[in-house]
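Please treat every number below as a calculation from the coordinates, not as lab data. If you're wondering where the values come from, they're calculated on a predicted model, not measured in any experiment. With ideal geometry, Cβ positions are generated from the backbone for all residues, glycine too; neighbour counts draw on all protein chains shown.
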Amino acid sequence: NAGVMQNPRHLVRRRGQEARLRCSPMKGHSHVYWYRQLPEEGLKFMVYLQKENIIDESGMPKERFSAEFPKEGPSILRIQQVVRGDSAAYFCASSRSGGAGQPQHFGDGTRLSIL
Amino acid sequence: EDQVTQSPEALRLQEGESSSLNCSYTVSGLRGLFWYRQDPGKGPEFLFTLYSAGEEKEKERLKATLTKKESFLHITAPKPEDSATYLCAVQAHEDSSYKLIFGSGTRLLVRP
């Protein structure tokens with residue numbers, strides 16, 4: 001399966017710990033997006049990255065959240081000092097380019113639970 | 001503000017009973033409208049992209065149409081395996097990040 005790979009699928013953290021979510025885009029895709037899906041809510045954009053660059057982080061909380069997409073390896077979404085409100089499903093999507101109308105292909109998400 | 005509203009929130013159909021899902025959108029300039037299917041515990045699966053009013057696309061029992069203000073996803077003679085949440089999203093022209101703005105989805109249940 002050459003789809004978008006996210007790991008872990010489930011992550012449990014205690015309040016105050018750090019959470020690291022990983023995303024490997026589809027082969028040949030160099031554009032990565034992170035979205036968050038809160039319970040009973042729709043998908044909300046967080047951040048858009050290309051290799052070694054953050055293009056748009058307008059949807060990401062200013063504090064505690066960061067994202068990177070290094071030259072080698074997966075994209076990482078990092079949440080420091082997690083709180084209960086961070087419990088959600090986090091989805092990564094990738095596209096071949098950032099062009100108009102390019103479909104974004106999603107992974108199966110990481111479900112983060114905060115105790 | 002760019003916005004997407006989907007209706008109904010939930011829809012129950014008997015197998016073979018055709019229906020339509022609605023997606024109304026407000027966006028300053030539409031770059032593309034996307035339909036996805038999401039099964040429980042899974043990520044959204046891409047179905048269609050529509051670019052301009054009047055455009056239609058089909059895939060098996062699904063047909064998507066687009067006007068200047070809304071899109072419809074028509075389901076003809078649905079089967080139980082069509083049960084899923086259907087998501088609509090738009091991509092705006094002025095948005096250089098190409099992010100998708102999603103509606104809350106329509107949960108479809110098709111009974112045998």
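Take each residue in B:92-102, count the other chain C-beta atoms within 10 Å of its C-beta, and the mean is 6.
What is chain A's relative contact order, in percent, from Cα pairs under 8 angstrom and six or more apart in sequence?
Values: 291 pairs, mean separation 42.1, N = 115.
Averaging sequence separation for qualifying contacts and normalising by length gives 37 percent for chain A.
Between the alpha-carbon centres of the stretch A:1-64 and the stretch B:74-112 there is a gap of 21 Å. Here is the list for the stretch B:1-83: trypsin sites (Lys or Arg not before Pro) lying in DSSP coil, each with at most 15 other C-beta atoms within 10 angstrom of its C-beta, are B:Lys42, B:Arg61, B:Lys68, B:Lys69. Cross-link check: pairs A:Lys71/B:Lys99; A:Lys51/B:Lys59; A:Lys62/B:Lys57; A:Lys62/B:Lys59; A:Lys71/B:Lys57; A:Lys71/B:Lys42 evaluated at a Cα-Cα cut-off of 32 Å; pairs beyond the cut-off: A:Lys51/B:Lys59; A:Lys62/B:Lys57; A:Lys62/B:Lys59; A:Lys71/B:Lys57.
Going toward the positive end of the dipole of the stretch B:1-60, with +1 on Lys and Arg Cβ and -1 on Asp and Glu Cβ, which of B:Gln38, B:Ser18, B:Ala53 do you reach last? Value computed over the given set: B:Gln38.
Top mean-square fluctuation among A:Ser30, A:Ser58, A:Ser87, Gaussian network model of chain A, C-alpha springs under 10 Å? Sorting by GNM fluctuation, first place goes to A:Ser58. For the stretch B:59-91, the list of GluC sites (Glu not before Pro) that fall in a loop by DSSP and count at most 10 other C-beta atoms within 10 angstrom reads B:Glu60. Report, in whole Å, the centroid distance computed from the Cα atoms of the stretch A:78-99 and the stretch B:15-44. Taking the Cα centre of each part, the stretch A:78-99 and the stretch B:15-44 sit 21 Å apart. Restricting attention to the stretch B:4-60, which chymotrypsin sites (Phe, Trp or Tyr not before Pro) occupy a DSSP loop and are surrounded by at most 15 other Cβ atoms within 10 Å? Counting only loop positions with at most 15 other Cβ atoms within 10 Å, the chymotrypsin sites (Phe, Trp or Tyr not before Pro) in the stretch B:4-60 are B:Tyr51.
Sort B:Glu45, A:Glu57 so that the residue with the fewest other Cβ atoms within 10 Å of its own Cβ comes first and the one with the most comes last. Please report the intermediate quantities before stating the final value.
On the way: B:Glu45 15, A:Glu57 18.
Least to most surrounded, the residues fall as B:Glu45, A:Glu57.
Taken residue by residue and averaged, Cβ atoms of other chains lying within 10 Å of the Cβ of A:105-113 number 3. Placing unit charges on the Cβ atoms of the charged side chains and taking the dipole of the stretch A:8-55 about its Cα centre, the candidate lying farthest along the positive direction among A:Ile54, A:Gln17, A:Pro39 is A:Gln17.
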